[in-house]
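Notes follow once the structure below has been shown.
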Amino acid sequence: MSSTPIVVSTSNVPLQKFMPILRACLSFLLVLSGLSPLFAQVTAKNLGVAASAPQGKAAPAPLSVAAVNASVSSPADWPNWRGPDQDGVSRSSSNLVSTVDLRSGKNVAWKNEEAGGISTPIIYKGKLYTIVRDARETNREMEKVICLDAATGNKIWEAKHNVYLSDVPAERVGWSCCVADPQTNTIFAQGVNGYFACLDADTGKVVWDRSLHEEFGALSTYGGRTNVPVVFDDMVIASAVVIGWGEMARPAHRFLGMDKHTGEVRWFNGTKELPEDTTYSTPVIKVIDGQAQMIFGSSDGSVWSFQPRTGVPLWNYKLSRRGISVSPLVVGDTVYIAQGEENMDNTTIGCVAAINAKGAKGDITDKKEHLLWMQKSVMCGKSSPVIHNDRLYCVDDSSNLFILDAKTGQTITKRPIKLVGALTRASPLVADDKIYMPTTSGLHILQPTAEGAKFLLKARLDPVDEVSGSMIASENRVYLPTNHALYCFADGDPAASASPPPITSSPEPPVSGSDTPSHVQVVPCEVLMQPGEAQKFSVRLFNARGQLLGEQSATFTLAGPGEITPEGNFTADKSAAHVATVLTAKVGNLTGTARIRVVPPLPWKFDFNSIPLAEVTNPVTKAKSIEGEPVITWVGVRHRHKIREIDGEKVMVKVTTIPRGTRSQGWLGPWNMTNYTIQADLRGQAVKAIAETDQGKQEIIKLPDMGLINMRYTLDMMGDSQKLQLRSWTSQIKTRFSKDLPFAWEGGKWYTMKFSAHAEDGKAILRGKVWERGQPEPQEWQIEAVDETPNVVGSPGLFGNASVAEIYIDNLQVYPNPPTTVSQN
């Protein structure tokens, strides 16, 4: 079942009756050819256990990173936004255009306005995939993945999903990019609101999907920054700034390593907590020091390397005081990275740097041997660099092209080359010995020269053709995404053949050269269950290089309720309680863990009276207080809420002292819940403030906003506006869906809010009411609305904006809608 309404339409889809069978047979043969006996038994010396330890399953021979990157169906594939080798270079395209004219149509092979947007497209098996807005500026607006014939621009299929519970403006929908996986014939896409989908590449049908914000606490902010997933081996890896549950309740840039066939989570790890920024640096996976490394810029301002199969951190280099959004460029052992924020010296802004990753371990910031060179005051905060003939090409945020010697960092030209336009978001494309470089308002084709580069084309674009995405190349075609349209440029036969690209990555050494276990992974590592439900856990061993050795028996222990068998079969506690358990698997001297949340079916009731309180010190204000923690299974709640005693009763308080967290959402249960009612007592504090008016400075009363979430809709008591508002996509209330009702309420007074959502006949029926606590409940609903482009599932949740004053919550209930619920006319 899809986690959000998905509409898939197709046109001109060829009949491929036998393709699933052929793909299955091919996959089976590949598995057989890749198997190599690793060990019949893990030795007592390696494991630190008795020689009679249970035998592990043999692991498949490791794929080299080169093989993974080159795992394309044809030389023409461009399977991720930076190309087959993740570096913005096409090594197989030829006879590409040297000039184009969008107005006259010169060398424009085709144009598709429906596919225009800010995402960079990809090419796979002759098809182009990209993420765009659908039904712009209407009450049906969505985000969608669209598939076109790469040669003609004709649409083959589209897969739509709602944007919900997000502050992202419509202009930034489609921020992420698709990635193709030839081994499964699927396309992965991450939406601006955390919706993650695995789609069949031929039809657009959903294979599996997840809601990253409801399940894990991924943020969807007004800035719209959305990460791009990466595929490696049998995994797809997604990331975001996450405010989760348990020990992950504080925000951090975190990654989810998922089984690409099922979406099952294998590892979940991140960088430093409480980052300054969100980020959209796409990881690059290369072999360095004989091991696969996932290298990325993080929201904490550092460049990091993780093992992609395990999520184990390898090294990091602190580059900036704010988040890094530029994607790294890895050539051999050298990592090239740029950023446009404040440097660590406190005096300069922006830099381009070359980091030697060979032998890197831990924090290498102060280890001089790892910084090859750094050019400061080059503010490349959005555009990722490329390399061609030992020269590094990078474009700063103000559209200046810098050409640097890749080995020394010295500038090749006396001054940067000025491009048309004031802003740049796209990254350069190197193809056919040319550099294709759009700015937001200009288009350039450059020819590298001994002195730098000369313009073959330097043109200003029409204002409607603003560019945020990057250009890509396939065969003899070049593609340009603009907000207005997607363009294909070609001069000649669009079906011209492409030569195979050379392999530029080093292979991983065989597992047999290092069969000593170094890491234990429990799969799945993150689970949401119901009381009494069973889950089988497996234990996987990895060597120090992060290569899979095989599955292994383990000794299991639990920190929390539930039962576990020696074989790894876990049964959740049968009591109707919201509880969490940490499962630990021990193999020899090594341990690995999995986190389990147990959430019972409806109804739920929470009055917080049983939660213990203790004295704590606020990390920001240093003030001491007596407080407790909210329900552990809730996602995105603990960092921003505390349990306190107010007027003789324990209540949950949304505090005002959390930096960048006073406006937030939290999730109470599974993402696939439907047809229920959520109810709670709410109280917003009133604070006095001074405001500038026509009559001068006057004292005013400020109130917070507070509300409940049901099926991906929010019912909000808006304090300063003194109204109730029903909405789903926060920043698009004027076009997508919302309903307002004047409603006067006072600070310091308790109110009861009741919010019901019902999915029926392709619509969402929403009803809400608010009354003073202790007074009779009104018989009639105060605010009602019908959404004909509905969300039909979603986790119950909490919304609050405590920027000006604290919010108190008590007597929270969630229960099924009565069977007598009927549609409104």
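Our coupling estimate for region 371-386, obtained by passing each phi through the Karplus curve with A = 6.51, B = -1.76, C = 1.60 and θ = phi - 60°, is 9, 6, 6, 8, 9, 7, 6, 9, 8, 9, x, 10, 8, 8, x, 10 Hz, Gly and Pro reported as x. The GluC sites (Glu not before Pro) of region 766-805 meeting both criteria, a DSSP state outside H, G, I, E and B (loop) and at most 10 other C-beta atoms within 10 angstrom of the site's C-beta, are Glu780.
Once you reduce region 583-618 and region 277-313 to the center of their Cα atoms, the two points are 29 Å from each other.
For region 79-135, the relative contact order works out to 29 percent when only alpha carbon pairs closer than 8 Å and six or more residues apart are counted. Sorting Met706, Met673 by accessible area puts them as Met673, Met706; the probe is 1.4 Å, largest comes first, and only protein heavy atoms count. Each peptide among 441-449, 641-649 gets the average number of other Cβ atoms lying within 10 Å of its residues, and from highest to lowest they stand as 441-449, 641-649. Largest accessible area first, the listed residues Ile118, Ile355 line up as Ile118, Ile355 when surface is computed with a 1.4 Å probe on the assembled protein chains. When a/c is below 1.5 the answer is rounded, else prolate if a/b is larger than b/c, else oblate, so apply that to region 631-685 with a ≥ b ≥ c taken from the square roots of the Cα gyration tensor eigenvalues. It is oblate, given that a/c is not under 1.5 and a/b is not larger than b/c. Bridgeable lysines around Lys697 (alpha carbons under 28 Å apart, same-chain partners fewer than 8 residues away excluded): Lys688, Lys723, Lys749.
Solvent-accessible surface (1.4 Å probe) assigned to Ser721 amounts to roughly 70 Å². Residue-wise HN-Hα couplings along region 77-94, as the Karplus relation 6.51 cos²θ - 1.76 cosθ + 1.60 with θ = phi - 60° gives them from phi, are 5, 10, x, 9, 5, 9, x, x, 10, 6, 9, x, 10, 9, 9, 10, 7, 8 Hz; Gly and Pro carry x.
Between Lys624 and Glu276, full extension at 0.36 nm per residue minus the direct alpha carbon distance yields a gain of 122.7 nm.
Peptides 746-755, 711-720, ordered by how many other C-beta atoms sit within 10 Å of their residues on average, highest first, read 711-720, 746-755. Each label point was placed 7 Å from the Cα along the Cα-to-Cβ direction; for Glu369 and Thr152 their separation is 6.0 nm. Just the protein heavy atoms count here, and of the accessible area of region 119-214 at 1.4 Å, carbon and sulfur take up 45 percent. With 24 Å as the limit on Cα-Cα distance, the pairs of Lys111/Lys286; Lys739/Lys763; Lys160/Lys734; Lys286/Lys454; Lys111/Lys144; Lys622/Lys654 that go past it are Lys111/Lys286; Lys286/Lys454. Pairing the Cα long axis of helix 19-34 with the longest principal axis of the chain, what angle in degrees results, from 0 to 90 and rounded to the nearest 10? In the chain, helix 19-34 runs at an angle near 70 degrees to the longest axis.
If only the Cβ of Lys and Arg carry +1 and only the Cβ of Asp and Glu carry -1, the dipole of the chain around its Cα centre is close to 880 debye. Note that region 804-811 has calculated 3J(HN,Hα) couplings of 9, 7, 6, 10, 10, 10, 8, 6 Hz, one per residue in order, obtained from phi through the Karplus relation 6.51 cos²θ - 1.76 cosθ + 1.60 (θ = phi - 60°); glycine and proline are x. Please compute the net charge surrounding Asn343, taking Lys and Arg as +1 and Asp and Glu as -1 over other residues with Cβ under 11 Å from its Cβ. Once positives and negatives cancel, what remains is +1. Set the Cα radius of gyration of the chain against 2.2 N^0.38 Å, with N its number of residues, and you get 0.97.
Could you tally the net charge around Thr593, taking each other residue with its Cβ under 12 Å from the Cβ of Thr593, Lys/Arg +1 and Asp/Glu -1? Result for the neighbourhood of Thr593: 0. Computed about the Cα centre, the dipole magnitude for region 352-394 is approximately 40 debye when only Lys and Arg (+1) and Asp and Glu (-1) carry charge, each at its Cβ. Per residue, the accessible area of the chain comes to 38 Å² when a 1.4 Å probe rolls over the protein heavy atoms.
Accessible surface of region 536-641, 1.4 Å probe: 54 percent of it comes from carbon and sulfur atoms.
Rounded if a/c is under 1.5, else prolate if a/b is larger than b/c, else oblate: which is region 690-786, with a ≥ b ≥ c the root eigenvalues of its Cα gyration tensor? The shape class here is oblate.
Heavy-atom accessible area with a 1.4 Å probe sorts Lys376, Lys723, largest first, into Lys376, Lys723. Applying both filters, DSSP loop and at most 11 other Cβ atoms within 10 Å, to the trypsin sites (Lys or Arg not before Pro) of region 427-483 eliminates every site. Take every Cα pair under 8 Å whose residues are at least 6 apart in sequence, average their separation, divide by the length of the chain, and the relative contact order is 12 percent. In terms of packing, defined here as the mean over residues of other Cβ atoms within 10 angstrom, the peptides 412-424, 513-525 line up highest first as 513-525, 412-424. Restricting the calculation to Cα atoms, region 589-682 yields a radius of gyration followed by a Dmax of 15.7, 51 Å. Considering only Phe743, Ser731, Gly768, the residue lying farthest towards the positive end of the dipole of region 730-788 is Ser731, judged by Cα position with unit charges set on Cβ.
The GluC sites (Glu not before Pro) of region 563-630 that meet both conditions, a loop assignment by DSSP and at most 13 other Cβ atoms within 10 Å of the site Cβ, are Glu567. The average projected area of region 278-345, computed from the convex hull of its Cα atoms over all directions, is 4.4 nm².
The values are calculated or read from the model by the stated rules, or taken from the named source; none is laboratory data. None of the values given here were measured: they were computed from a predicted structure. Please note: Cβ atoms are built from the backbone with ideal geometry, for glycine as well, and neighbour counts cover all protein chains shown. In case anyone asks, the SASA skips ligands and DNA or RNA and just uses the protein heavy atoms, side chains included. Shrake-Rupley method; radii C 1.70, N 1.55, O 1.52, S 1.80 Å.
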